[in-house]
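The values are calculated or read from the model by the stated rules, or taken from the named source; none is laboratory data. Treat the numbers as computed from the prediction; the structure is a model and nothing was measured. Neighbour counts run over all protein chains shown; Cβ positions are idealised from the backbone, glycine included.
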Amino acid sequence: MHSSVVVVYTAALCVCFTYGDDYILDDKLGLGRTFDGIGGLSGGGATSRLLVNYAEPYRSQILDYLFKPNFGASLHILKVEIGGDAQTTDGTEPSHMHYENDENYFRGYEWWLMKEAKKRNPNITLIGLPWAFPGWIGHEKSWPYDFPDITAKYVVSWIVGAKQYHDLDIHYIGIWNEKKYDLNYIKVLRDTLDRVGFSHIAIIAADGYKPDDWQIASDMLAEPLLFDLIDVIGAHYPGTETVMDALKTGKALWASEDFSTYNDDVGGGCWARLLNQNYVNGRMTATISWNLLASYYERLPFGRDGLMTAQEPWSGNYVVESPIWTTAHTTQFTQPGWSYLQTVGHLKSGGSYVALTDRRGNLTVVIETMTHNDSVCIRPPLPPYDVTPCNVTFYLKGSFASISQLQVWRTKFDFKTKKHVFLQKLDSVKVSDGSFTLRLDVDEVYTLSTITTAQKGTHPDPPPSAPFPKLYEDDFNVRNPSFTEAPHFADQTGVFEYFKNLTDPGPHVYTLRQVVTQRPVTWATDANQAISVIGDYSWRNIVVTSDVFIEKPGTGGVFIAARADRGGSGVQGCRGVFFWVFADGTYRVTRDLMGKSVLAEGKSGTSSSIWYTLSLAVKERNATVTLDGTSLWDGGVDWVPKYGWAAIGTASFELAQFDNFSVEAE
């Protein structure tokens, strides 16, 4: 996959061959770029966190809508975060190496998700990319490129583990999400991959976001070594545009992270427009959605920014959103390895069309007429444009001249009546004298294809939506061996894992343990405390109870909390009611995670290596905290959030355990 030859791409960004309102689909002049697929990104912030807690059959149904060929989105690509123990948008994902001499290739849920995707689509393309790194990688520094050998070995060990323990072949690997690339590190990564027999694994770079999205392309043209090391140039949220230097490299160009938009019907329109115009305008041959599915608490950052929604494992409810079906317009009628025609472009009345072929006589045409206001993405800003209804005639030339009919599938967004129609099969269109005519309205997506295997898959309706249970308990004794996380806990800083305490024959053999003991090499701005949230953000009056075990002598401490109002990269600003106990024999009640706004403090008699039971009751503007059934404080909690999650956590990056957790809400 490596080449030292620079291919100069001389074609214009948009090639449109038309006769008036007519459009020609022809392969006589040669073909365009090779199609690499459409995908979704799991991670980049624990975005699939709640999926694993769904009961069957609902969990498998959700996976079918995402990955099953000729059913739903039928994705070609799954990109996952290589967990780094740090906050990366909506939570933390555990590393396979918390510590330098620690390896565990069963932590987290990305291994499971990749296997489930491959089970449905054996040909799916798998990609790994780190957002953050465990603290030992940086040796107390925040820049892992200072230690390229260590960092490369760490990343490659993840690839080795995927194959050795899960029979997963990783096809592409990235360097560091949305961070400045380092030439020496990329060289070391390439050498490390090659030494262990992974010369076939391609490197994507630099996964940058503005203003660095395409900068690596210019650097590649100036530096032959860099050019030779990079197989795919990936940019984030390019707005369907590329730059001439990227085209000049001749390398594959990908929107390696895109969409990031609320998945209502405008979001579906955004996605439909991107999937066409990323190629029409920017010659990008793969587009990957952040995120795969919205399976995290909606009040975390970028709530419901996935291709579908699955955020209620306690009820079993999920929602198949419009982006699933706009994805299917491309994925069910093409496969990676097909080629775009050179005859693609914009429609005169607005919108765009692309055409692809498998070089064996099959042809797929995807048309979108999404209007400006009905296809706005969260980023970047969308310049104004107009779309009007029109009649279009397509002329099939070259090897397509003998096609006599095409399958027709249509999506119609009707924003006035809200009576949308998604992926509807229409009567086939007859090709007469090598041409066919369509009447196009605004806010439509059409697929016309020789492929006859597509379908709009369905499962029985899931259970109705329901709030998080008002009474929730977990003693952490019953666990799914496939996962290390306890159900519904969403780690925001630090990592909370199931733990078997072999030294305790008593009631606390199985616990939940915070395991990160060193500040990670962060991607976002992590808090200095570890925190995991759970429950219903609308909770106001609740009682939170948990047994706790401080492992760090002297300065160690733990907390339970109510009305925790913030997660994600802003978690260090989380407010609520926090009840802390410390190994030095003190307690504290604060309004914030940072512990700066103190409501009460005093002696608790607590120390490390002893189990205690903490309870925090918050009702309206009053709170009561108890230790082993004895009240430590009862007082007012003005100036705290009115609502929020329950939470547990530690005073620093330190080992600590929790057991017999419960929440009771009014």
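Residue by residue, here is whether (1) surrounded by fewer than 22 Cβ atoms within 10 Å (Cβ to Cβ); (2) closer than 24 Å to THR343 by Cβ; (3) in contact with a strand residue (DSSP E or B) (Cβ under 6 Å, 6 or more places away or on another chain); (4) at pLDDT 95 or above holds:
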| site | (1), (2), (3), (4) |
| --- | --- |
| ASP245 | yes, no, no, yes |
| LEU253 | no, yes, yes, yes |
| TYR262 | yes, no, no, yes |
| GLY268 | no, no, no, yes |
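Screening the stretch 54-85 for residues that are under 16 Å from VAL319 (Cα atoms) and among the polar types (S, T, N, Q) and picking the one that is surrounded by the most Cβ atoms within 10 Å (Cβ to Cβ) gives GLN61. Against the numbered list (1) surrounded by fewer than 22 Cβ atoms within 10 Å (Cβ to Cβ); (2) closer than 27 Å to ARG49 by Cα, ALA600 comes up short only at (2). Is it the case that the stretch 548-556 has a residue that's among the aromatic types (Phe, Trp, Tyr), touching a Gly at 6+ places or on another chain (Cβ under 9 Å) and at pLDDT 95 or above? So far as the stretch 548-556 goes, no, none of its residues is among the aromatic types (Phe, Trp, Tyr), touching a Gly at 6+ places or on another chain (Cβ under 9 Å) and at pLDDT 95 or above.
Restricting attention to the stretch 500-518, the residues that are modelled with pLDDT of 95 or more and basic (Lys, Arg) total 1. The set of residues in the stretch 10-34 being surrounded by 13 or more Cβ atoms within 10 Å (Cβ to Cβ), at pLDDT below 85 and outside any loop (DSSP other than H, G, I, E, B) consists of THR18 alone.
For the stretch 358-373, how many residues meet the condition of being in contact with a strand residue (DSSP E or B) (Cβ under 7 Å, 6 or more places away or on another chain) and of a type in the set (Ser, Thr, Tyr)? The number of residues fulfilling the criteria is 2.
Restricted to the stretch 382-395, and to residues that are outside any loop (DSSP other than H, G, I, E, B) and among the hydroxyl-bearing types (Ser, Thr, Tyr), which residue is nearest to GLY32 (Cα to Cα)? So the residue we want is TYR395.
Contact annotation: residue pairs with Cβ atoms under 9 Å, 6 or more positions apart or on different chains, pairing a residue in the stretch 453-467 that is touching a residue at least 24 places away in the same chain (Cβ under 8 Å) with a partner that is part of a loop (DSSP other than H, G, I, E, B) and basic (Lys, Arg), are GLY457/LYS68. Apart from one condition, THR503 fits all of (1) β-branched (Val, Ile, Thr); (2) farther than 30 Å from GLN657 by Cα; (3) part of a loop (DSSP other than H, G, I, E, B); the exception is (2). For ILE204, state whether it is β-branched (Val, Ile, Thr) and in a loop (DSSP other than H, G, I, E, B). Spelling it out, it is not the case that ILE204 is β-branched (Val, Ile, Thr) and in a loop (DSSP other than H, G, I, E, B). Screening ALA222 with (1) without any contact (Cβ under 8 Å) to a residue 12 or more places away in the chain; (2) buried (at least 19 other Cβ atoms within 10 Å of the Cβ) gives one miss only, at (2). Taking the stretch 404-419 as the range and being out of contact with any His (no Cβ under 8 Å at 6 or more places or on another chain) and surrounded by fewer than 17 Cβ atoms within 10 Å (Cβ to Cβ) as the test, the residues that pass are SER404, GLN405, PHE415, LYS416, THR417, LYS418, LYS419.
The criterion of being surrounded by fewer than 24 Cβ atoms within 10 Å (Cβ to Cβ), over 14 Å from the mean Cα position of the chain (by Cα) and either over 23 Å from ASP461 (Cβ atoms) or of a type in the set (A, V, I, L, M) (or both) holds for ASP102. Kindly check whether there is at least one residue in the stretch 455-471 that is in a loop (DSSP other than H, G, I, E, B), more than 26 Å from the chain's Cα centre (by Cα) and buried (at least 20 other Cβ atoms within 10 Å of the Cβ). No - not one qualifying residue is present in the stretch 455-471.
Could you list, in sequence order, all residues of the stretch 349-386 that are over 29 Å from TYR209 (Cα atoms) and not charged (D, E, K, R)? The answer is SER349, THR357, GLY361, ASN362, LEU363, THR364, VAL365. In the stretch 350-381, of all residues being outside any loop (DSSP other than H, G, I, E, B) and of a type in the set (A, V, I, L, M, F, W, C), the one that is surrounded by the fewest Cβ atoms within 10 Å (Cβ to Cβ) corresponds to LEU363.
The residues in the stretch 304-330 that are farther than 12 Å from LEU50 by Cβ and under 14 Å from the mean Cα position of the chain (by Cα) can be counted, and the count is 4. The number of residues in the stretch 342-369 being more than 21 Å from THR240 (Cα to Cα) and small (Gly, Ala, Ser) comes to 1. For the stretch 210-244, a residue qualifies if it is over 15 Å from GLY282 (Cβ atoms) and hydroxyl-bearing (Ser, Thr, Tyr), and exactly one does: SER218.
Restricting attention to the stretch 396-417, the residues being touching a helix residue (DSSP H, G or I) at 6+ places or on another chain (Cβ under 8 Å) and part of a loop (DSSP other than H, G, I, E, B) number 2.
Here is a yes/no grid of residues against (1) at pLDDT below 95; (2) over 21 Å from PRO323 (Cβ atoms):
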{"position": "LYS397", "(1), (2)": "no, yes"}
{"position": "ALA401", "(1), (2)": "no, yes"}
{"position": "LEU406", "(1), (2)": "no, yes"}
{"position": "LYS418", "(1), (2)": "yes, no"}
{"position": "GLN424", "(1), (2)": "no, no"}
{"position": "VAL429", "(1), (2)": "no, yes"}
{"position": "GLY434", "(1), (2)": "no, yes"}
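One residue stands out in the stretch 420-454 among those that are in a strand (DSSP E or B), surrounded by 15 or more Cβ atoms within 10 Å (Cβ to Cβ) and of a type in the set (A, V, I, L, M, F, W, C): the one that is farthest from the chain's Cα centre (by Cα), namely PHE436.
From the list PHE106, PHE133, the lone residue that is more than 25 Å from ARG195 (Cβ to Cβ), of a type in the set (A, V, I, L, M, F, W, C) and modelled with pLDDT of 95 or more is PHE106.
Taken over the stretch 478-505, the criterion of being over 27 Å from the mean Cα position of the chain (by Cα) and either within 22 Å of VAL571 (Cβ to Cβ) or exposed (fewer than 13 other Cβ atoms within 10 Å of the Cβ) (or both) is satisfied by VAL478, LYS500, LEU502, THR503, PRO505.
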